[in-house]
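Okay, structure first, notes after.
The values are calculated or read from the model by the stated rules, or taken from the named source; none is laboratory data. Source: prediction; values computed, not measured. Positions of Cβ are generated from backbone atoms using ideal geometry, with glycine treated the same way; all protein chains shown enter the neighbour counts. Heads up: the accessible areas ignore ligands, DNA and RNA and are worked out on the full protein's heavy atoms, side chains in. Shrake-Rupley method; radii C 1.70, N 1.55, O 1.52, S 1.80 Å.
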Amino acid sequence: MAALQRVDVQALDPARLTPVIGAERYAKFEAIAATGRALLDGRTVLNVNSTAAGGGVAEMLISLLAYVRGAGIDTQWDVIEGTPEFFEITKRLHNHLYNSPGDGGPLASHERAQYEATLADNVPALLEDVRSGDIVLLHDPQTAGLAARVKEAGATVVWRCHVGVDYMNEQAELGWEFLRPYLDPVDAFVFSRAQFAPQWLDHTRLHVIPPSIDPFAAKNEPMAPEDAVLVLQYVGILDGGGEQPLATFTRRDGSRARINRHADILQTGPAPPVDAPLVTQVSRWDRMKDMAGVMAAFSEYVTAEEVHLVLAGPNVGAVTDDPEGAMILHQCMDAWRQLPPNSRHRIHLACIPMTDSDEGSAIVNALQRHSAIVTQKSIAEGFGLTVAEAMWKTRPVVASAVGGISDQIVSGVHGLLIDDPHDLGAFAEALNRLLDDGAYAEQLADAGRQRAVDEFLGDRHLGQYADLFMQLESS
């Protein structure tokens, strides 16, 4: 088995954030960066995760590490390799940490042996990149078992967990029981919310750092409304077909490119017309995102004939660490086929091409910007980057009041939150309210945009990591 992929990280000058965050805020960030450069001189910050594309962690790393390099700090990014069985086990762990049994399979001695064997295969190549004094950030359950070997190499180990729930049931406890033996060597734990950390974890080593978005990434950069329409027509999400759009997007290396690929769409009849209000949810095909619940609520309670629903996720073959993606997609397709015909023609399932991850992000950018409402009806959520993305784009949001979503939105101020993610009627009522009251939707969207600027951009995120590294150095 080929072990370990080293991801090329392009440097980006953090100064380009200045027009968004202002000169005063950027000056504070630059002072923090200068301290970080002195602290980490001659050392590397190495990030290790399980996929280079197709999820929020990968999206964040692409931009954050580019800004770290642009700030003059050496950083690298390694992606572990694994067998299909390894990723079945780690997906099961992922689901357990969200209070769900997932596929119902065990987390016993055989699974532990497979987990450890796969990570052991990655260790030799990983240790080629680790020197004494380096800081290694291991992301999520897939990498937790590497902590001891990295620590033995003389590095400082930070385990960053992007998943969790506020109140744990026996499923979550079982998942944490599996992971606990691997976490003792860790110097610091980073969670998106303090509530996600298990009670037995040493809370003196716990740090809370919410994620962020990059306003200049292909998924979030400015896009004119007319260009968004042309992109969506070309890829097949909007009716009209059309030639390849002249609009371009920015790759992570700064070059400009055009959309070349089409989305795979499941629908009855034509795509939505350009003037149709779109309700959109963009997420991985994951049971925690409850795409089927969004469909059911829309079908039963959102009756305005002109309104369409688009459920969009990545092409499942592109997300290497999620073996359930194809199964959840097919479950959604089966649920769609069972809908009444008068609902089914207004609901569209789209698989976004991910052969070129920047291109896929640009398509999502066009879709979110064109949408009347962006939703995230998750059953559980570590953070929910799509919420911050929609707020940044001045789109009104309807979402579940779970996990990190609750930290992004004050309901009735920055968007609308549903207390019970299983309450389809309440979810649809919020959708209908915003569809019927454009002024209120605009008010929420404007406040959401400011909230995204204030709280969820990279300078805040990197500043918190710099604070963490300084604490580790002084301890």
Could you pull out the residue among Ala66, Ala38, Ala23, Ala15 that is open to solvent by less than 30 Å² (accessible area, probe 1.4 Å) and not hydroxyl-bearing (Ser, Thr, Tyr)?
Ala66
Report yes if Ser400 is touching a residue at least 24 places away in the same chain (Cβ under 8 Å) and hydroxyl-bearing (Ser, Thr, Tyr), otherwise no.
yes
Of (1) over 16 Å from Gly360 (Cα atoms); (2) in a loop (DSSP other than H, G, I, E, B); (3) not hydrophobic (A, V, I, L, M, F, W, C), Glu221 satisfies every one except (1)
Tell me which of these Glu243 doesn't satisfy, since it passes every other one: (1) more than 30 Å from Gln331 (Cα to Cα); (2) assigned to a loop (DSSP other than H, G, I, E, B); (3) touching a helix residue (DSSP H, G or I) at 6+ places or on another chain (Cβ under 7 Å).
(3)
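Residues checked against (1) crowded, with 18+ Cβ neighbours inside 10 Å; (2) of a type in the set (Ser, Thr, Tyr); (3) more than 19 Å from the chain's Cα centre (by Cα):
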| site | (1), (2), (3) |
| --- | --- |
| Pro273 | no, no, yes |
| Thr280 | yes, yes, no |
| Arg284 | yes, no, no |
| Arg287 | yes, no, no |
| Ser299 | yes, yes, yes |
Checking Ala296 against (1) free of Cβ contacts under 8 Å to residues at least 60 places away in the same chain; (2) part of a helix (DSSP H, G or I): exactly one of these is not met. Which one?
(1)
Checked pairs for the range 1-26, first farther than 21 Å from Gly72 by Cβ, second among the aromatic types (Phe, Trp, Tyr) and open to solvent by less than 30 Å² (accessible area, probe 1.4 Å), C-beta under 7 Å and 6 or more apart or across chains, list as none
Does Pro185 fit the bill of being assigned to a loop (DSSP other than H, G, I, E, B) and open to solvent by less than 30 Å² (accessible area, probe 1.4 Å)?
no
When only residues in the range 95-139 that are hydroxyl-bearing (Ser, Thr, Tyr) and surrounded by fewer than 22 Cβ atoms within 10 Å (Cβ to Cβ) count, which is farthest from Arg160 (Cα to Cα)?
Ser109
Unique match (being among the hydrophobic types (A, V, I, L, M, F, W, C) and either in contact with a strand residue (DSSP E or B) (Cβ under 7 Å, 6 or more places away or on another chain) or closer than 13 Å to Thr394 by Cβ (or both)) among Ala466, Ala441:
Ala441
Of all residues in the range 458-475 being in contact with a helix residue (DSSP H, G or I) (Cβ under 8 Å, 6 or more places away or on another chain) and farther than 24 Å from Val20 by Cβ, which is surrounded by the most Cβ atoms within 10 Å (Cβ to Cβ)?
Phe469
Here the residues within the range 436-457 that are assigned to a helix (DSSP H, G or I) and in contact with a helix residue (DSSP H, G or I) (Cβ under 8 Å, 6 or more places away or on another chain) are Tyr440, Ala441, Leu444, Ala445, Gly448, Arg449, Arg451, Ala452, Val453, Glu455
Under 8 Å between Cβ atoms, which residue pairs at least 6 apart in sequence (or on different chains) link something in the range 45-56 that is without any contact (Cβ under 8 Å) to a residue 40 or more places away in the chain with a partner that is assigned to a loop (DSSP other than H, G, I, E, B) and crowded, with 22+ Cβ neighbours inside 10 Å?
none
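So that you can scan it fast, the table gives a plain yes or no per residue for (1) modelled with pLDDT under 95; (2) of a type in the set (Lys, Arg); (3) within 22 Å of Asp253 (Cα to Cα):
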{"position": "Leu4", "(1), (2), (3)": "yes, no, no"}
{"position": "Gln10", "(1), (2), (3)": "yes, no, yes"}
{"position": "Val20", "(1), (2), (3)": "no, no, yes"}
{"position": "Ala23", "(1), (2), (3)": "no, no, no"}
{"position": "Val45", "(1), (2), (3)": "no, no, yes"}
{"position": "Val48", "(1), (2), (3)": "no, no, yes"}
{"position": "Thr51", "(1), (2), (3)": "yes, no, yes"}
{"position": "Gly55", "(1), (2), (3)": "yes, no, yes"}
Failed item, numbered, when Gly164 is tested on (1) open to solvent by 10 Å² or more (accessible area, probe 1.4 Å); (2) farther than 18 Å from Asn47 by Cβ; (3) in a loop (DSSP other than H, G, I, E, B)
(1)
Just to check your reading of the model, which residue among Gly241, Gly236 is open to solvent by less than 80 Å² (accessible area, probe 1.4 Å), free of Cβ contacts under 8 Å to residues at least 12 places away in the same chain and either over 24 Å from Met60 (Cβ atoms) or of a type outside the set (Ser, Thr, Tyr) (or both)?
Gly241
Just give me the residues in the range 261-286 being over 13 Å from Glu306 (Cα atoms) and either among the β-branched types (Val, Ile, Thr) or not in a loop (DSSP other than H, G, I, E, B) (or both), in sequence order.
Asp264, Ile265, Leu266, Thr268, Thr280, Gln281, Val282
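For every residue, the table says whether it meets (1) farther than 21 Å from Ile328 by Cα; (2) part of a loop (DSSP other than H, G, I, E, B).
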position: Ala3; (1), (2): yes, yes
position: Arg37; (1), (2): yes, no
position: Leu61; (1), (2): yes, no
position: Leu65; (1), (2): yes, no
position: Gly105; (1), (2): no, yes
position: Glu111; (1), (2): yes, no
position: Thr118; (1), (2): yes, no
Which is modelled with pLDDT of 95 or more and either among the basic types (Lys, Arg) or closer than 16 Å to Ala188 by Cβ (or both), of Leu138, Leu119, Leu107, Leu126?
Leu138
